[in-house]
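The values are calculated or read from the model by the stated rules, or taken from the named source; none is laboratory data. Just so it is clear, the model here is predicted, and its values are computed rather than measured. All Cβ positions, glycine included, derive from the backbone under ideal geometry; neighbour counts span all protein chains shown. Ligands, DNA and RNA are excluded from the accessible area calculation, which covers all protein heavy atoms including side chains. Shrake-Rupley method; radii C 1.70, N 1.55, O 1.52, S 1.80 Å.
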Amino acid sequence: KSPNKHNRIFMRCEPFAEGLSEAIDAGSIGPRDDVKKRARELAEKYEWDINDGRKIWCFGPETNGPNILIDQTKGVQYLNEIKDSCVAAFQWASSEGVLCEELMRGIKFNIEDVTLHADSIHRGGGQVIPACRRVLYASQMTASPAIMEPVFLVEIQTTESAMGGIYGVLNKRRGHVFAEEKRPGTPIVNLKAYLPVMESFGFTADLRSHTGGQAFPQCVF
């Protein structure tokens, strides 16, 4: 409901299919794509309804993030007049989610029904933006949201003799190595691993003590 009780927005949210957030991050699906082509790709790859794909209002946060606002309403009067207000509320809400005001990720918001006052004075931005923001938060709350753990990408330069110590330290700290590159002609090895930020405190000192100072880590977030 809007603050003046004359406008109502009904909404439901659901998680993205696997791989869609990554596709948006990579730029293969985005707000500037051709509408029909994008709708067909969403329907074929991610099992969306083709009408949903054609009625995307915006991406968020910052108009290109991995959350989508979709208009699923049928025959609502004056809906185009509140579109800008809803988009502004969506950008605001998706950049400050309901959990710890962290960024939202991988959520599809469907506007199912909208009831608006006949007089345009009573459905301005001051009424619609707070209402839309609250319904975005409410629909997220009822969908049992979760916070994603921040993870560092660690690049470690080391020698072959010190590899065992590195694996030991990473396993102890819930890290896992996903790439190992040997430099031809030298004993140096480049490791790439994922390490939870929570476990990264004291990681460098721990690594040096287990490898006799032969490993040089660099953490990137």
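Mind checking the per residue accessible area of the chain for me, 1.4 Å probe, whole number of Å²?
Averaged over the residues of the chain, the accessible area is 57 Å².
Most mobile of 68, 121, 29 per a Gaussian network model of the chain (Cα springs, under 10 Å)?
Highest fluctuation of the listed residues: 121.
Please build a GNM for the chain, connecting alpha carbons under 10 Å apart, and tell me which residue among 126, 165, 53 fluctuates the most.
165
What area, in nm² and to one decimal, does the C-alpha convex hull of the chain cast on average over all directions?
15.4 nm²
Segment 1-58: which trypsin sites (Lys or Arg not before Pro) are DSSP loop and have at most 13 other beta-carbon atoms within 10 angstrom?
5, 32
How many times 2.2 N^0.38 Å is the alpha carbon radius of gyration of segment 115-203?
2.07
By accessible area of protein heavy atoms, probe 1.4 Å, what ranking do 151, 169 get, highest first?
151, 169
Can you list the aspartates and glutamates whose alpha carbon sits under 14 Å from that of residue 74, skipping same-chain ones fewer than 8 residues off?
Those aspartates and glutamates meeting the cut-off are 52, 112, 113.
Would you look at the GNM of the chain, springs on alpha carbons closer than 10 Å, and say which of 143, 193, 118 moves the most?
Maximum among the listed residues: 193.
Taking the Cα atoms of segment 25-74 alone, what are Rg (to one decimal) and Dmax (as a whole number) in Å?
10.3, 33
Counting only protein heavy atoms and a 1.4 Å probe, tell me what percentage of the chain's accessible area is made up of carbon and sulfur.
Accessible surface attributable to carbon and sulfur in the chain totals 51 percent.
Express in nm, to one decimal, how much length is gained between residue 112 and residue 33 on full extension, taking 0.36 nm for each residue of separation and deducting their alpha carbon distance.
Value of the extension gain: 26.0 nm.
Can you give me the Rg/Rh ratio for segment 60-183, using Cα atoms for both radii and the Kirkwood formula for Rh?
Using Cα coordinates only, the ratio equals 1.26.
Among the lysines, which fall within straight-line cross-link reach of residue 36, defined as a Cα-Cα distance under 17 Å, with same-chain neighbours fewer than 8 residues apart omitted?
Within reach: 45, 55.
Students sometimes get this wrong: rank 176, 117 by accessible area, probe 1.4 Å, all chains present, largest first.
Order by accessible area, largest first: 176, 117.
Within straight cross-link reach of residue 192, meaning Cα distance under 28 Å, which lysines are found once same-chain residues fewer than 8 apart are removed?
Partners found: 172, 182.
Going toward the positive end of the dipole of the chain, with +1 on Lys and Arg Cβ and -1 on Asp and Glu Cβ, which of 68, 135, 166 do you reach last?
135
Sum -39500 (n - 2.57) across every DSSP H segment of at least 4 residues in the chain, then divide by the residue count to get the 222 nm mean residue ellipticity, nearest 500.
Rounded to the nearest 500, the figure is -10500 deg cm²/dmol.
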